[in-house]
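Derivation of every value follows stated rules applied to the coordinates shown; laboratory data play no part. Computed from a predicted structure; not experimentally measured. All Cβ positions, glycine included, derive from the backbone under ideal geometry; neighbour counts span all protein chains shown.
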Amino acid sequence: MTAILLALLLTGPPHNLNEIHLRPAIDIAFEKVNNGAARGLYLNFSMSYVFRETGPDCGRPVMEAPAVAAELYRRYSLDGILGSPCSYETVGIADLAAYWNLPVVTGVSTSAVLDDKSRYRTLTRTSFKTGVLAKAVVAFFEEYEWRQFALVWQYPGYSSLIAIAMKELMETQENVTMYEFDLRDYGSIKDALDAAAAVSRSSLFTMINALLFSLTAVIILSAQGELVREAMLHAFDTGLVDGEYAFVSIEPFSNTLVFGDDNWKQNDGRDDDAKKAYESLLIFRLFKPQTDEYRAFQRELERREILDYNWTRPDPDHNNYFASAFHDAVILYSLAVNETLAEGGNISDGYVITRKMWGRSFKGISGTVTINENGDRSGDYSLWDMTNTEDGTFEVLANYYGETGVIETTGVKPVWPGGGIGPPRDAPECGFENELCQSNELPILGLVGIVAVVVVLAAAGILFVIYRKHRLDAELMSMSWKVAWEELIFEEIGKSVATATSGSRALSSKRSMNEEIQDGGQIFATVARYKGRMVMVKKIGQSKIDLNRRVLMELRNMRNLEHTNVVRFVGACVDPPDQAILTEYCPRGSLQDILENDQLKLDWMFRQSLLMDAVRGLNYIHDSVIGVHGRLTSSNCVVDGRFVLKITDFGIPSFRNSNKYEDNNYKLLWRAPERLRDPSSLPSKEGDLYALGIIMLEIGTRCGPFDEERKVMDTDGILETLKSTSSQPPFRPSVPEAAWNPVIKDLMKRCWAENPGDRPTASALQTALKKINKGTSSGGNILDNLLNRMEQYATNLESLVEERTAAFLEEKKRSETLLYEVLPRSVAEQLKQGKSVDPESYENVTIFFSDIVGFTSLSSQSTPLEVVALLNDLYTCFDSIIANFDVYKVETIGDAYMVVSGLPIRNGFAHAREIAQMSLALLGAVTSFKIRHRPDEQLKLRAGIHSGPCVAGVIGVKMPRYCLFGDTVNTTSRMESTGEALKIHTSLTCKTILDKFQIFVLELRGLVEMKGKGQQTTFWLLSQKDNDKG
């Protein structure tokens, strides 16, 4: 077996290209090669390396690295050198290697100083080249027609290497102009001397301000991530992020150790400003693979970094491109060795091995690795943009392939700031000072004369325009629509709100007419009272609202809308964190609610009235400044308290969350097919008419859209079929025979026409329906229509009152049952009637006390949950037994159980018999009772009974208790405490009463000393005679 030894040269800590970050990837590659040789994928050779550090900071002085290489070359028989990652260290190493005829492969060393391969003839680089990066930047700029830009760069670090490459490329470009800003020129003396320090805040701002005047509107930022964020915040503060300027950050890959942290989210109180500023920022990075193999490789790197070096990555997006480049450098070298051995060549010939690596492509861990004829990798690059301005997330817009120079878009649409439809210009059309639009063709006097004539002729018009603009500006700035969140009074929707929508299939009229959830259902609305009127509050899903002129105009236009069949816009709360749209509240819910309510009877007159309302409302919107709805569904048609249908959820596009609508496939069933095929197309009036046609079918059938089709197809399948243009006739919902009359049915189908131009206008549809409804109450006779609606409402109200009354009586019954469980029925009845319950004396009652012998010991050996379960099982058993006797359970305290008979309903002397029989039944139940967590142990009940006088009454107002007082209670307690386990201790007084019944067997115990009572004669209650048990 041929043994190959390489020298691995890496920087030491604290530099970020040390062994912690690179050796795990190199080890993986060596293991892959050696395992491949063992499995026969390579010829019979093995690879290993000897490692040395070259210095703490990219080998300063730079001759330290060549010295280390020379020392290893002298001590070992090297076949090649892997490293160094530092460009200026590699200069010396590559010079020596060319002399020694050893191949040098490195995964970094990106500087253009190493491009001369006539000098560095055995050097191969698998990392990106800054020269190719510069070409990629210019290629992307050409796509956006940016031919002048400013480059702001920081020294030292990769930013300076990028700046050098950009300046060299500019020397070959004729139609591209670059303005260069070195941060060192804008700092203090200390900044200039301390080359490794970050640029101060003041120097950075001085540099940015210089870009504001007469240079360019495209600014490249090549600096540490923290400085990039700082620059973007300054751009935000100075108003440069409104869409007129474009910023591009060059960050080869996401790695906070190498390039700093440029994330807009830093939790420093300015995250919202930074996110807004980053809408104007494009990020230029190396192409990042998205394969499972690459993700597994990153996970293995992370595992080894922790296991071998006890180092944890600083953030979840951490990516070290150089690690994968070194991995691919090892694989590239192994392929060259394998090919050389297969041809019988000499692997010690560095020049031969190097030429095997040049001009070839192979599949590496970081994607396809292409080494050009000059021994350098042709890197691929991506352009990223913030496409989700709500979450602040970036996506790839396009990729640049270095080998071919081709740009390939990904299909992701860029989101330009300020609502722009395209990239900003690299300079204003007339220049920053209007200097490009000046003309000297006319003499000054001629210009003055022309201006004077224009002024005279247009004076009145100009004054009128100024006056109108002044009034409009005053109206906009007054913000009469603005509502403070504190002015809203939130309260629970009353019972009257639900009257129209209680039914077997109805969800609730309290559901929102403006919000949707994923399955097409709806959620509860937020309702508040504002200045005495009920309004619906719809939260705006935006962290910050920019009240620019466009937004103010949208709000003004909404405020000016007023129509019987359009929901009135009340105002908006725009101060964070409580931001919401306030609209007129319609208590009957949405049209979808009305149609789904089986208990609400809708005759054809009523349905035609609802349809006519919808057409009137849509026609008004189409004729208004709003122009188009764009989101029309049956859930966006709401019904007020007089059963008048109104259209809602339109206008103010700046506040609408279109993504939320797009994510709900069910809502797309109302969308016109042409918009389904092209989601980027704008809403249209024709699209609204298509949605109205679907609503017409819903009203006619009282079913959802495509109801028949959804029985055999899912929603996604229906949408895909709608998008298809191959089916003839076009796919549309099934129309039952009973749905509408033939004339309305024909109008409905015309609304579904495949060609948008064939669909009727809202005005034409309204005219046609008026003719159809002429002479009927639904055709516009307000009085008849109102009377019919009131009559129908009264019928529904009667049914609802009966339903609510039955529910109330059922709830009242449950409450009374619970009250009777807490207090004696006679006492509870007095409390229900509002009477006070006075304490009452009873001449003779019998009281029962019991507890569990050894309960304390048992509790100490059990968990609290087991103790609770035990007592619950035991007293549930007891409660079921005492229900068979004329007794009243007073209370349970721990393991103590107290029962009385003879009150509050007196029963003569029967109280002693009832307690005695109950006591015997409880004692019998205990002997067969099983403890769940100790089934082999038996509970030992100890009981005492005594008869005598007592006083009973209700104590307390909150959670009242029925309590007993008197010496009889104390004596009974003493009887229990002086008794024995599994026996019923009976007093002489109680025994005397029991003897009257002649059915109980008692045994004399004798004299027993009792606290506070002296010696008392007591008995054991043994049993009840069999022939008398009843």
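If you take the Cα centroid of the stretch 987-1023 and the Cα centroid of the stretch 822-859, the two points sit 24 Å apart.
Separation of the stretch 1-62 and the stretch 877-938, taken as the distance between their Cα centroids, equals 85 angstrom. Of Thr312, Thr2, the sequence from fewest to most neighbouring Cβ atoms within 10 angstrom is Thr312, Thr2. Among residues other than His985 with Cβ under 10 Å from its Cβ, the summed charge is +2 (Lys and Arg +1, Asp and Glu -1). Rounded is the label for the stretch 612-767. Its Cα gyration tensor axes, ordered a ≥ b ≥ c, give a/c under 1.5. When the chain is described by a simple charge dipole with +1 on each Lys and Arg Cβ and -1 on each Asp and Glu Cβ, the residue from Ala981, Ser254, Thr124 located farthest towards its positive end is Ala981.
Using the Cβ-Cβ distance between Ala460 and Leu547 with R0 = 25 Å, the FRET efficiency computed as 1/(1 + (r/R0)^6) comes to roughly 0.15. Taking every DSSP bridge with both residues inside the chain, close to 65 percent are antiparallel.
One decimal place: the segment Ala764-Ala139 gains 219.7 nm when fully extended, by the rule 0.36 nm per residue minus the C-alpha distance. The alpha-carbon positions of the stretch 240-283 define a convex hull whose volume is 71 Å³ per residue.
DSSP beta bridges in the stretch 825-1028, what fraction antiparallel, as a percent rounded to 5? Beta bridges within the stretch 825-1028, antiparallel portion: roughly 90 percent. Which residues in the stretch 91-123 have a backbone N closer than 19 Å to a point placed 7 Å from the Cα of Arg75 along the Cα-to-Cβ line? The answer is 93, 97.
When the scattering of the stretch 269-390 is computed by the Debye formula from its Cα atoms alone, each counted once and equally, what is log10 I(q)/I(0) at q = 0.11, 0.13, 0.18 Å⁻¹? So the normalised log intensities work out to -0.57, -0.73, -1.06.
Semi-axes of the equivalent ellipsoid of the stretch 799-946 are 33, 24, 13 Å, computed as sqrt(5λ) over the eigenvalues of the C-alpha gyration tensor in descending order. Share of Cα-Cα pairs in the chain beyond 41 Å, in percent? Above the 41 Å cut-off, the chain has 66 percent of its Cα pairs.
Using a simple spin-label model with pseudo-atoms 7 Å out from Cα toward Cβ, Ile489 and Glu64 lie 7.7 nm apart.
For Lys771 and Met713, calculate 0.36 nm times their separation in residues minus their Cα-Cα distance, and state this gained length in nm to one decimal.
Difference between extended and current length: 17.1 nm.
Multiplying the residue separation of Asp995 and Ile955 by 0.36 nm and removing their Cα-Cα distance gives an extension gain of 10.9 nm. Positive end of the dipole of the chain (Cβ unit charges, origin at the Cα centre): among Thr177, Ile545, Leu1022, the Cα lying farthest that way belongs to Leu1022.
Over the chain, what relative contact order in percent results from Cα pairs under 8 Å that are six or more residues apart? It comes to 6 percent, rounded to a whole number.
Given the peptides 956-965, 604-613, arrange them by the average over their residues of other C-beta atoms within 10 Å, most packed first.
Details: 956-965: 12.3, 604-613: 20.8.
Going by the mean number of other Cβ atoms within 10 Å, highest first, we get 604-613, 956-965.
Computed log10 I(q)/I(0) for the stretch 537-649 at 0.12, 0.24 Å⁻¹: -0.48, -1.40, from the Debye equation with unit scatterers placed on every C-alpha and solvent omitted. Listing Asp391, Asp688 from fewest to most neighbouring C-beta atoms within 10 Å gives Asp391, Asp688. Hydrophobic long helices, here whole DSSP H runs in the chain with Kyte-Doolittle means of at least 1.0 and Cα atoms spread over 30 Å or more along the helix axis, are found at 444-478.
Each principal axis of the stretch 895-1030 carries a Cα extent, and these read 44, 40, 35 Å when sorted largest first.
Arrange the peptides 545-556, 888-899 so that the one whose residues have, on average, the most other Cβ atoms within 10 Å appears first.
Listed from highest to lowest mean packing, they are 888-899, 545-556.
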